Structures are given as structure tokens and as C-alpha cells.
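A.B. asks: Just passing along the structure, written as C-alpha cells.
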Amino acid sequence: MSARVLDTLFPAASGEITAWLRGAALDWLFVAKAAFAVLLTGWLAMRFSLEQPGTAMMTVAIVIHPQSGMVVAKSFYRTLGTLVGCAAAFAIVGAFAQQRVPFLLATALWIGLCAGGASLHRNFKSYGFVLAGYTAAIVALPVVNHPQNVFDSAVMRVGEVMLGILVAGVVSDAVFPQRLGDVLRESVRAQFAGFVVFVRDSLRGALPRGDLEKAHLRFVREVVQIENQRSSVVFEDAGVRLRSPRLRLLNHTFMAASTSYHSLHHLLNRLQDAAHEPVRSRLMALAGDLAAELAAVESAPRMGAQAEALARRLAALGECLPARIAASREGLHARADRLDFDTGAELLARIAAELRDYANAYAVLASPQAVRSPAEPPAPFSHSNDWAGAAVACVRTTLTMLAMGAFWFASAWPEGAGAMLIATIFSGLMATVPDPLRAIRYMLAGYALGTLAALFCVYGVLVRMDGFALFAAALVPFLLPGFYLSTRPAWPGVGTGYLLALLYTIAAKNPMQYDALHAINDSLAQLIGVGCAGVSFMLFAAASDSPWLQRRLLRKLRLQLVRACELPLRGLLPRFESASRDAAAQIVAHTRSGSAQSRELLAWSLAVQETGRAVIELRRALAASEVPAALRGEVASALAALAALYAEPGPERYRVARDRLSAAIDEAAGRAALMAPLHLIRLALLDAGSALAGYVQAPPQKENAHAA
């Protein structure tokens, strides 16, 4: 049954139990499909007389995914990685046909480079790098002593892998498919409705900083999740592929609106004391006018029409808002009060306009017009990569391969190649996960369970069976637990490790071969390979366990503000919004929730988003205005000091940035377009609850040598 059939059988109105039953039914549907795909692949591989049907079956276990779009995307990159890996194997074997040491060095370096490339990507492109690495090992390692067989090895391995990819894609797409496009549409609907309701409700009162940080983290995750889903669903759904530019535009408008909203709420929180009550009450009244226009957006079938109506209401509000702002400003005589009010009013007007653009983008996306690309194509999503982390992954994997290969050559252990191959696979796969040590532990546990299950399956059951029908019947009870475990997020990697060990140890052939001593030897080699991959992550920690890499990631986040101060304005805003969120998402993934590092990240992420956006608005206003050279010089000096502060935070740099910003504000007096962003930047610097709080009262003569 498909997801739509389940919607009919289990309507959402039935409550939490029904939702749980629907989820369980979808899980078991995937388990049944995956087991069927593995067995179908094994049968076809045997019918085609492939040398190792088990390799094709293991390919299905790796590629298969509950959403068909994920399978197609994964298969696409796996195919590319397989072909590139074969080409690399040909080159390595051809260059070092009878030279074992150079052969080992070249193979280890290639696998390390692929692992480093995989660590630079957060979607299935990383999987292509992983495949390019261990496909070369699959093809080259077995023929190290017989290089003349490399072509036959490559043809056979590619045939087995391609068969697994093809069957997984066909079964996933043809048998009760669960479309990734449906998941993406629901994610976009949930993001739009959730953000509109969140803004409406939170504009009516103060939002504590902790809640604001949680909301920011949720929005960061939603942005990155939707971008990753969009990049994968283009393989599955032609309609979504045509709407891809509109989806990018929607994500950009959401990022802009959410950043402006956070800036406004930070400003309102800073004005909560009695001295600022006149300004705050006026701004809250204007915010109430905006909140009144944000009616709840519900009912998925009509959400497009509701978004269109919301856009019209916000457009009407934008026309009358200047008059309301002017009327509210009356009675404020103090210069500081007027500056606070003007800054808040500017933010409110910007939020109303950006929410209108966001609602318009959603309304167009939900209409047939969405197949037409926007007049100005949106900028692509900018990722923030840390090359030092990639270099660590490359060195770690290369040294692991060299150590495993040296042990294999020195010991002349027949199964040494198998241990090296398993270490290759896991070193590549684990290079792409946020917490590899934890994943290795879970996967090692699954691998041990899968090895025991495979030995029992082969020598307790399969030795008594004859024919493929009985082979399949005997294998099903052992496959189902592995696929079910792979649907449990609480045990990440256990199901994958179990399935890899099960299918690798069974090593299905036609006819089957039973050699208990070889099977035990091979199982030991596999466990050694997984264990050595785990040891390598202990010796060369990933970002989740390396303070040095975490500091680099945090600096990478802060450098987004430096770029906002220095790069050309054209296309800067979408690049800044996406790259800063991608950097924040990486650090969140590599830090433990609730830890000091995680709290520090959230504080810096909010500071970068708020200040960076204000910097871009300031530069836009400056570029659109005729201003004296002296004012341009003061603003340029303030931005340079701000960039230096965020590049290397310290009390002295903080004092310089604060003083130069104050000088720029004095020089810009009377120019509202410049005063609002300048004042917002200054308020962010003076915020005692921000990431810069430690420098607010710090003595200027002492430099903090421990600043992150």
C-alpha cells in the first residue's frame, strides 16, 4: 500500500495512535520491499551467471531507501562513483602492475582523497566520492597478484553493482512507491504555515532568548533539509524539477524573512526596561498591526490560495504602514528614543515586505505558473566547507589503508584484502557522518550481530536447502530484522552494519560454496576492518570530537560576516544567508545538543545572522545614496573594524569596532536609511546576552588570548 492508501485507511484525525500505526505500516512496507528487492537481485544475478551475486545483493541493501527519490539520487551518484572508481583501478593497476608498494601507496592515496571529497558534501554527492574510493579497492585489491585479470574483475564488479542499482530503483519506484516529492511538498507546507503562525503569535509579546535560539536552530535545519530534499527530488519528479528555481526562491525569501524577524525581536527584547517603555509600546502596537494580518494558514489543499490572500493583505499593509509609523513617532523627542523607534520601524516595514514576498513565492509555487522560472534566476544555495576537515579525513583514511595494506603484505594473510576492503568502505562512509565514533560503535554492534546471524544462516539453515526458492525462504527471516533496524533512528548504523555483515558473510554464489574455516576467517577479517576504521577515528578525531576542528568551524561561521563586509553586493544577500546557515548546521551536527559548545554556536550564529544582514542593508543604502566622502570613509572604517572583530574576537578589537561605529553614527546623523542599520549593528555589539557579551565590559588594554 502507498502513503495515499494509508492516508485513507488511517485518517490523520484519529490521533496519535493512528499516526503511530501509519508510521509502523510504512516502515514494514519498506522492509518488505527491501527484502524483495534483495532476493530479486540475487535471483537475477544467478540467472545471469554473475560471479558474486552477493555483491549485487549488498548493493541493494546499501542503496535502498524508503523514499524512491532517494534511491534514484543515491543510485545516480553510486553509478558515477562506480565508473570513476573502475577508471582509477585501471590506472593504478596499469601503472604499478608488479610493484606492490607503489600499488599500495597509490590505492591508499586515492581512497583517502575520495574520503576527503565525501566530507565536503552533505547530500548524495558525498556518496559518489565514497563509491569512487571503495570501487577502486573492490576491483584492484583482488587482482594485486594477477594484474592481467583487472579488466575481467572490473566488468564483473560493475555488472553486479549496476544490477543491484537497477533492481533497487525499479522496485522502489514501481512497488507502492513513497515519493520524496510528497515529503518535500509537506516540508515546504509545514515550513510556511509554521513560520507564519510563529511570527503572528510571538509578535504579541516578548520571546525569551532561549526560545529565540531554539526557533533559529529549527529554521536553520528546515532550510538545509529542504535544500537537500530539493537536490535529490529532481531525479524523481519532473514537475518538481521544473519548479526547482521556484523552490530555491522560496527558500531564499524564507531565510531573508526569518533573519529580519530575529533582528526585530532582539531589538524588542533590548527595549524591555522602563526607560524604553514609550518606544517599545509604540513598536508593539505596530507589530500588533502586522500580527493581525497573519491569519493562521491551514488546510493543505487551500494553502496556496491562503498564501495569495496573505500576500495581498501584507501588500495593503505595506502601503499604509509609513503613515502609521509617522503617527506613532509623534511625541518622541529624545534622539536616542527616535533612533530606537526608527530602527524598529524600519525592521517592521522590511519584515512586512519580506513576508509578502515569501507568501507570493509560496502562492506561485503552488500554482501552475510555478513551471515558469523566475524572471531573475535565484542564486544557488551556497555551502560552507572546511578544507581542513577534508584534509584530516584524507590523511586519516590514507594512513588507515596504508596500515591495513602493510599488515596484509607482511602477514601474507589470505583474508587481508577483505579486511582492507571493509576498512575502506567504513572509512569512507563514516567520513560523511556528524559523529563517526558513535556511528562506528553502533555499526560494529550491528556488524557483530550480522556476522553471527550469517554464520547461523549458512551453516544452520542453508546447508539443508536446495534451490533458489528455499534459499530465499531461509534468507528472509534474517533480512527482515536488518531492514527494520535501519528504520530506527534511535540505533543509527545498526541495521546497515547488520545487513552488510549478513550479505558479505553469506557471499551468495551459484552454486553456493560452504567452507566453515574460510567463513570464520573472513568474518574475523571483516570485524578487524571495522575495528581498524574505528581506531583511526579515535586517533584522528572528526569535528564532533576535535576542539581544534570545532574552533575552525566556528571561525568559518564568523567569517561569513567578514565576507558580508567585503564581497561585492551583487548576489551577496542570498549567498550570505545560505552559507551562514549551512555553516551553523554543520556545527550543530558536530556538537552535542545542550552542550556548552552547542550554546556557544547558537549565540554566534544569531550574532552573525543579525549583524551580517544589517551590514548588507547598510552597504545597500550607502550604494544607493549620495553621501559625502567623509561619511563613506567612516562607514568603511567601521565595517573594517567589525570584520576584524569577527575574524579574531578580542577586547581591543571590540573597543575599536564599537568606537568606529559610534563615529559613523555621529557622521550619518539625519540620514535615516543609514542610521537604522548602523544603530542595529551597534545594539548587537552592546547586547549583554550575545556572543560578544564577554567583551562588553572587558578592559580594552587586555587582549583575550583564548578567544575562539
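Each value in this text was obtained by applying a stated rule to the coordinates, not by laboratory testing. Here the structure is a predicted model, which means the values were calculated and not measured. Here the Cβ positions follow ideal geometry from the backbone for every residue, glycine too, while neighbour counts run over all protein chains shown.
A.B. asks: Based on alpha-carbon centroids, what's the gap between the range 612-691 and the range 388-417 in Å, whole number please?
C.D. replies: When both Cα centres are located, 52 Å separates them.
A.B. asks: If you fit an axis through the alpha-carbon atoms of helix 572-589 and take the longest principal axis of the Cα set of the chain, what angle between them do you get, 0 to 90°, nearest 10?
C.D. replies: On a 0 to 90 degree scale, this one is about 50.
A.B. asks: Right, next: Using Cα atoms only, what is the angle between the long axis of helix 494-506 and the major principal axis of the chain, expressed in degrees (0 to 90) to the nearest 10?
C.D. replies: 20 degrees
A.B. asks: With the crude spin-label approximation of a point 7 Å out along Cα→Cβ, what separation in nm comes out for W548 versus A647?
C.D. replies: Taking the simple label geometry, W548 and A647 are separated by 2.3 nm.
A.B. asks: Now for a separate question. Each residue of the range 402-411 in turn: what ³J(HN,Hα) in whole Hz from Karplus with 6.51, -1.76, 1.60 and θ = phi - 60°, glycine and Pro shown as x?
C.D. replies: 5, 5, 5, x, 4, 4, 5, 5, 6, 8
A.B. asks: Helix 672-686 versus the longest principal axis of the chain: what is the Cα-based angle in degrees, 0 to 90, to the nearest 10?
C.D. replies: That helix lies at roughly 60 degrees to the long axis.
A.B. asks: Oh, and also: Quick check on packing: order 268-274, 258-264, 527-533, 278-284 by the mean number of other C-beta atoms within 10 Å, highest mean leading.
C.D. replies: 258-264, 527-533, 278-284, 268-274
A.B. asks: Take the Cα radius of gyration of the chain and divide it by 2.2 N^0.38 Å, with N its residue count; two decimals is plenty.
C.D. replies: Rounded to two decimals, the normalised Rg is 1.09.
A.B. asks: Continuing with this model, one more query. List the trypsin sites (Lys or Arg not before Pro) within the range 581-687 that fall in a DSSP loop (any state other than H, G, I, E or B) and whose Cβ has at most 16 other Cβ atoms within 10 Å.
C.D. replies: Here the trypsin sites (Lys or Arg not before Pro) that fit, given the DSSP loop and packing criteria, are R592, R671.
A.B. asks: First measure r as the distance between the Cβ atoms of E626 and R335, then evaluate 1/(1 + (r/R0)^6) with R0 = 22 Å and state the FRET efficiency to the nearest 0.05.
C.D. replies: Computed FRET efficiency for E626 and R335 comes out at 0.40.
A.B. asks: Using DSSP to define loop residues, name the trypsin sites (Lys or Arg not before Pro) in the range 168-222 whose beta-carbon has at most 14 other beta-carbon atoms within 10 Å.
C.D. replies: Filter output for the range 168-222: R204.
A.B. asks: First check a/c for the range 379-492, with a ≥ b ≥ c the square roots of the eigenvalues of its C-alpha gyration tensor; if it is under 1.5, answer rounded, and if not, answer prolate when a/b is larger than b/c or oblate otherwise.
C.D. replies: The shape class here is oblate.
A.B. asks: Could you tell me the relative contact order of the chain? Use alpha-carbon pairs under 8 Å, at least six residues apart, and round to a whole percent.
C.D. replies: 16 percent
A.B. asks: Now for a separate question. Under the 0.36 nm per residue contour assumption, what length would be gained going from the current alpha-carbon distance of E319 and V476 to full extension?
C.D. replies: 49.9 nm
A.B. asks: May I ask you to compute the full-extension gain from D289 to V395, defined as 0.36 nm times their residue separation minus their alpha-carbon distance, rounded to one decimal in nm?
C.D. replies: Gain on stretching D289 to V395: 32.4 nm.
A.B. asks: If you don't mind, there's one more thing I want to ask. For an R0 of 56 angstrom, estimate the FRET efficiency from the Cβ-Cβ distance between L686 and V101 and round to the nearest 0.05.
C.D. replies: 0.35
A.B. asks: Let me ask something else. Want the number for F540 to A403: 0.36 nm per residue separation, take away the alpha-carbon distance, what's left?
C.D. replies: 47.9 nm
A.B. asks: Hey, another quick one. In the range 611-676, which GluC sites (Glu not before Pro) fall in coil by DSSP and have 14 or fewer other Cβ atoms within 10 Å?
C.D. replies: Qualifying residues, ordered by number: E626.
A.B. asks: Separate question: Using a Förster distance of 41 Å, how high is the FRET efficiency between E600 and W413, based on the Cβ-Cβ distance and rounded to 0.05?
C.D. replies: Result of the calculation: an efficiency of 0.30.
A.B. asks: Could you work out how far the C-alpha centroid of the range 425-450 sits from that of the range 290-355, in angstrom?
C.D. replies: 50 Å
A.B. asks: By average Cβ neighbour count within 10 Å, what is the ranking of 499-507, 451-459 from highest down?
C.D. replies: Per-residue Cβ counts within 10 Å, averaged per peptide and sorted highest first, yield 499-507, 451-459.
A.B. asks: Next question, about the same structure. For the range 90-202, rounded, prolate or oblate, judged on the Cα gyration tensor with a ≥ b ≥ c (square roots of eigenvalues), a/c < 1.5 rounded, else prolate if a/b > b/c?
C.D. replies: oblate
A.B. asks: Taking the Cα-to-Cβ direction at M465 and at R312 and moving 7 Å from each Cα, how far apart do the two end points lie in nm?
C.D. replies: A separation of 6.4 nm, rounded to one decimal place.
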